[in-house]
Structure formats: C-alpha cells, structure tokens
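The values are calculated or read from the model by the stated rules, or taken from the named source; none is laboratory data. Owing to the predicted nature of the structure, the values given are computational and were not obtained by experimental measurement. For neighbour counting, all protein chains shown are included, and Cβ atoms are generated from backbone atoms with ideal geometry for every residue, glycine included. With ligands, DNA and RNA removed, areas are computed over all heavy atoms of the protein, side chains included. Shrake-Rupley method; radii C 1.70, N 1.55, O 1.52, S 1.80 Å.
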Amino acid sequence: MQFQQLQYFVAVAETRHFTRAAELVHVAQPSLSQQIKALERELGADLFQRARGNITLTDAGEALLPLARRILADADTARHEVQELAQLRRGRVRLGATPSLCTGLLPDVLRAFHDRYPGIQLLIEEGGSHDLVRQLARGALDLALVVLPLPTPSPALTTVELLREDLVVVSSPEAPKPGGGRRTVRIADLEGERLVMFRHGYDLRELTVAACRSAGFEPDFAVEGGEMDAVLGFVRAGLGVAVVPRMVAARSGRGLRVTALARPGLHRTIALAHRSDVAPPRAARELQRMLLER
C-alpha cells in the first residue's frame, strides 16, 4: 500500500468522480484509476462501486476512508513538524475551540502567541465539543479547547483542565430586569422568561436546558438556532435573555445587562485536549504551554 494510493482513494471518495479526483491531485485520470485498481488488488477488495455517472463506496471503502484520512493527516503533521525551523520561525498550529471561547478566552492568548512567533500560521476551527473531538481523532486538529465532560469519552485523547468558568444571564438594558430586579437570579427565576437559545450541538444549549429542567420547568424560546454573536445581538435587540459565559459577557461591550446567577449557579469546565498517540507539533506545544500558563 502506497501513500500516494491513499491520496488518490480519498480524492475519489470525496468527489465521487474519477476525473475530478484526478484534477484535484494533479495527475492524469488513467494513472489515478490504475493506482486505485492496484490498491484494490493489494487489499483484496473493491473500494468503489462503479456505474456510469454514479461512484459509491463499498463496505470496504467505507471502512478504509476514515483510516486513510487519518494516515494522510498524520503524514501532513509530520511534514510540517520536520520542516519547522529552529526557534519556531515557521510552522502552523491547528486549534479547535467552541465559539464562546473564540470570543472570550482566545483573543488575548493568540495575540501574545502571534507577537512572540509571527511566523507561525494559526488555523482556527470553531465547533461544538462533539465535532472538535471527532476532528482531533482523525488528525485534523493539533489541539482543541473543549467543554468537560466530553459528550463521548475517548481514551485516545488526553485532556488537561484549563479553567472553570461561571455562567451569567444577559439581557437588554431596555427590558425588565430578570428575576424581578434582584442582584442575582436563580435558574428557577428564568421560568416565564423568553430565552434566546443557541443552535443544537452547542454545549451551552445543553447545559442551560438541563438546568431549567432540573429546576422543574421547560424553557421558553423566543428565538433559537444562533451562534454566539447572533445570540448576543438578539438579546441586545430585546428579544429575550440568554445564559452565556462570564468572559463573553465581559468582552461583549455596551448594550447588555449582566446578572449573576445565585449560588450554586452554573459553571462549565474548559479543558485542552490532544491525541494521546501522537505528540502535538512543536508550535502547538508552545501554544499549549501559553494557554496553561495564562
């Protein structure tokens, strides 16, 4: 099995077209087809069902695809690691983070990292913890900031707790104060409030909904489905209230009233995760150090 054959296989699997795959990997289509056939002979199984205008993966192809992607991602990481020059003058870091952390925690840390290592390319992937764990597992990310506990515990990942953050209630200054105007509100006080809610798959959505149900009521959504910036904008417009991390509320500027939650309140634990079987590249290890020492 050759590395190049896996590249060709993944290209065909993603485009479902031999000619477009050949263009993607810059090789003649007959050469690509020959290499795919050679790979199938090596494995002793057909990887594609070929019909005019319709290329689909066989069961063997479906089984090989995630493994091939991971091998290619690991090889790409190794290439960048070897190519890094001394003193981190060149390289890249692929960092995943939830959108709220991109808004609250990361700007200051990434600015400090960029000032110290201006030659390092920073590639940021926003997503929920579930998606980021999947990206880590297949080698598409070097590091990820995720919310604990993980949606699906993975023994293949190493996690280090980074911080424990309070959640707060934000509302429009033009709207009535939540909880009757008290300095702190309980989750139970949100019964009857219209909530601006994040999209499905957002860690904060699951946490807020679970807290409301534990308090004995079903949350009432004024609007749902937004990312962090959209949710804050809807709250500023007076559509409802939202539960967000304190760090995000502190950085969001004017146009929001921030109300603390009464004890025991709501919290979330943020961790830094990476694959256990592959050491992060040198530049990623340096960013990891800066995050842990922040």
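For E286, the solvent-accessible surface with a 1.4 Å probe is about 30 Å², rounded to the nearest 10. The Cα atoms of segment 54-193 give a gyration tensor whose axes a ≥ b ≥ c have a/c of 1.5 or more with a/b no greater than b/c, which makes the shape oblate.
Working from label points 7 Å from Cα in the Cα-to-Cβ sense, the D74 to V25 distance is 1.9 nm.
Sorted into 5 angstrom bins from 0, the C-alpha pair distances of the chain split as 1, 5, 10, 13, 13, 11, 11, 10, 9, 7, 5, 3, 2, 1, 0 percent. A simple charge model with +1 on the Cβ of Lys and Arg, -1 on the Cβ of Asp and Glu and nothing else charged puts the dipole of the chain at about 600 debye relative to its Cα centre.
Need one word for segment 83-142: rounded, prolate or oblate. Basis is the Cα gyration tensor (sqrt eigenvalues a ≥ b ≥ c); a/c below 1.5 gives rounded, then a/b vs b/c decides. Working shown, then result.
Values: a/c = 3.98, a/b = 1.38, b/c = 2.88.
It comes out oblate by the Cα gyration axes.
Any idea what angle helix 106-116 forms with the longest principal axis of the chain, computed on alpha-carbon atoms, 0 to 90 degrees, nearest 10? Here the helix axis deviates by roughly 60 degrees.
Ordered from highest to lowest accessible area with the whole protein assembly present and a 1.4 Å probe, V160, V147 read as V160, V147.
Classify segment 99-175: rounded, prolate or oblate, from the alpha-carbon gyration tensor (a ≥ b ≥ c, eigenvalue square roots; a/c under 1.5 rounded; otherwise prolate if a/b is larger than b/c)? Can you show the working numbers first?
Values: a/c = 2.13, a/b = 1.17, b/c = 1.81.
Oblate, because a/c is 1.5 or more while a/b does not exceed b/c.
The largest accessible area among M1, M247 belongs to the first residue in M1, M247, and the rest follow in falling order (1.4 Å probe, all chains).
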